[in-house]
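Student: My structure is below; once you've seen it, I'll send some questions.
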Amino acid sequence: MAEKKELLYEGKAKQVYATTNPNEVIVHFKDTATAFDGKKREEITDKGLLNNAISNILFKQLSKNSVPNHLVSVLNDREILAKKVQIIQLEVVVRNVVAGSLAKRTGLTEGTDVEGGILEFYYKNDALGDPLLNRDHIRLLSLATESELKKLESMAHQINQFLINIFDSIGLILVDFKLEFGRLDKEIILADEISPDTCRLWDSQTKKIMDKDRFRKDMGDVTAVYREVLERLQKLKG
């Protein structure tokens, strides 16, 4: 059993602890929900527990499909043992349907399909509000090399297609989602989480919002919706 040591990092939704193994960390999922650069903040019952379970199902499925990631083992309802990586300070966002900031920036109607998907990079910097970056900005800031960017793009598109199929099989539309990656030796692997906190998910039939937008838009039933996503994923075969 991994032994939890000192707190290394605390973010909006998770805490990361050292372990007796210098190559592994314990990630704890919190119930805290934030939006609008932290201006809106609330404790959501069981959010961390549900996100942990959802993310673990998806990461295990990705592992079976040859997508390297940080998950080592599930420790309990709220914690995982993960490989210690150097997080790349870029959020990789893939958009399959127009929603959120893409609608605001383009004037396109929410719900418009994006053929082939759009991939965007955002600078992981709370003080700057996580701004959208292009490749020249990334090079200027030395956030990733050109070969690393190509790898991030390739992995993001691979993960996107896999997740589209997974969610489609349980009656959900993958509107868009955020990924984070880390460096492990000379390899780039998937890190962080994949959950309703980091994805926009709509019910395929009703278009009901099944993600964190319910918190952002004060729609309520956040816990119930997250639990429904988990229950649908638990019915997956394999």
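Student: Give the order of 218, 37, 46 when sorted by the count of other beta carbons within 10 angstrom, beginning with the fewest.
Tutor: In increasing order of surrounding Cβ atoms, one gets 218, 37, 46.
Student: Let me ask something else. If you take the Cα atoms of the range 116-221, find Rg, then find the Kirkwood Rh from the mean of 1/r over all pairs, what is Rg/Rh?
Tutor: 1.01
Student: Turning to a different aspect of this structure: Counting Lys and Arg as +1 and Asp and Glu as -1, each charge on the Cβ, what is the dipole of the range 1-134 about the Cα centre in debye, to the nearest 20?
Tutor: In debye, rounded to 20, the range 1-134 gives about 160.
Student: Can you give the FRET efficiency for residue 74 and residue 9, using 1/(1 + (r/R0)^6), R0 = 25 Å, r = Cβ-Cβ distance, to the nearest 0.05?
Tutor: With a Förster radius of 25 Å, E is 0.80.
Student: Order by neighbour count: 223, 45, fewest other Cβ atoms within 10 Å first, most last.
Tutor: 45, 223
Student: Additional query: Can you tell me which aspartates and glutamates have their Cα less than 12 Å from the Cα of residue 60? Leave out same-chain residues fewer than eight positions away.
Tutor: The reachable aspartates and glutamates, counting only those whose Cα sits under 12 Å from residue 60, are 193.
Student: Taking square-rooted eigenvalues a ≥ b ≥ c of the alpha carbon gyration tensor, is the range 25-86 rounded, prolate or oblate, where a/c under 1.5 means rounded and, failing that, a/b exceeding b/c means prolate?
Tutor: Prolate, because a/c is 1.5 or more and a/b exceeds b/c.
Student: Continuing with this model, one more query. Once every DSSP H run of n ≥ 4 in the chain is given -39500 (n - 2.57) and the sum is divided by its residues, what mean residue ellipticity at 222 nm do you get, rounded to the nearest 500 deg cm²/dmol? If you can, show how the numbers build up before the last one.
Tutor: Working: 6 runs with 72 residues, N = 238.
Per the formula, -9500 deg cm²/dmol.
Student: While we're looking at this one, here's another question. At 0.36 nm per residue, and after removing the present C-alpha to C-alpha distance, how many nm does the segment from residue 36 to residue 109 gain when stretched out fully?
Tutor: Here the segment from residue 36 to residue 109 would lengthen by 24.1 nm.
Student: As an exercise, identify the GluC sites (Glu not before Pro) in the range 1-106 lying in DSSP coil whose Cβ has no more than 15 other Cβ atoms within 10 Å.
Tutor: Passing sites in the range 1-106 are 3.
Student: Among the trypsin sites (Lys or Arg not before Pro) within the range 8-84, which fall in a DSSP loop and have no more than 12 other Cβ atoms within 10 Å of their own Cβ?
Tutor: 39
Student: Still on this structure: Select one label from [x] 25.1; [y] 13.1; [z] 17.7: the one whose number is mean projected area of the Cα convex hull in nm² as derived from the coordinates shown.
Tutor: [y]
Student: Using θ = phi - 60° and the Karplus curve 6.51 cos²θ - 1.76 cosθ + 1.60, what whole-Hz ³J(HN,Hα) does each residue of the range 181-198 get, with Gly and Pro shown as x?
Tutor: So the J values, rounded to whole Hz, are 10, x, 8, 10, 6, 9, 9, 9, 10, 6, 9, 6, 8, 10, 7, x, 6, 10.
Student: What nm value, rounded to one decimal, do you get for the distance between residue 136 and residue 221 when each label is placed 7 Å out toward the C-beta?
Tutor: It works out to 4.7 nm between the two label points.
Student: Related question: Cα centroids of the range 169-198 and the range 70-136: how far apart, whole angstrom?
Tutor: Going from one Cα centre to the other spans 8 Å.
Student: Here's a follow-up. May I ask you to evaluate 6.51 cos²θ - 1.76 cosθ + 1.60, the Karplus curve with θ = phi - 60°, for each residue of the range 199-205 and list the ³J(HN,Hα) values in order in whole Hz, giving x for glycine and proline?
Tutor: 10, 9, 10, 10, 4, 4, 8
Student: I'd like the antiparallel share, as a percent to the nearest 5, of DSSP beta bridges with both residues in the range 56-204.
Tutor: Given both bridge residues lie in the range 56-204, the antiparallel proportion sits at roughly 95 percent.
Student: Here is a follow-up. So which of 12/207; 14/40; 39/212; 104/208 end up more than 19 Å apart by C-alpha?
Tutor: Where the Cα-Cα span goes over 19 Å, the pairs concerned are 12/207; 104/208.
Student: Suppose every Lys and Arg Cβ carries +1 and every Asp and Glu Cβ carries -1, with no other charges. What dipole size does the chain come out with about its Cα centre, to the nearest 20 debye?
Tutor: 120 debye
Laboratory data are not the source of any read-out in this text; all were calculated from the coordinates shown. Because the structure is predicted, anything quoted here is derived from the model rather than measured. Every residue, glycine among them, receives a Cβ derived from its backbone with ideal geometry; neighbour counts consider all protein chains shown.
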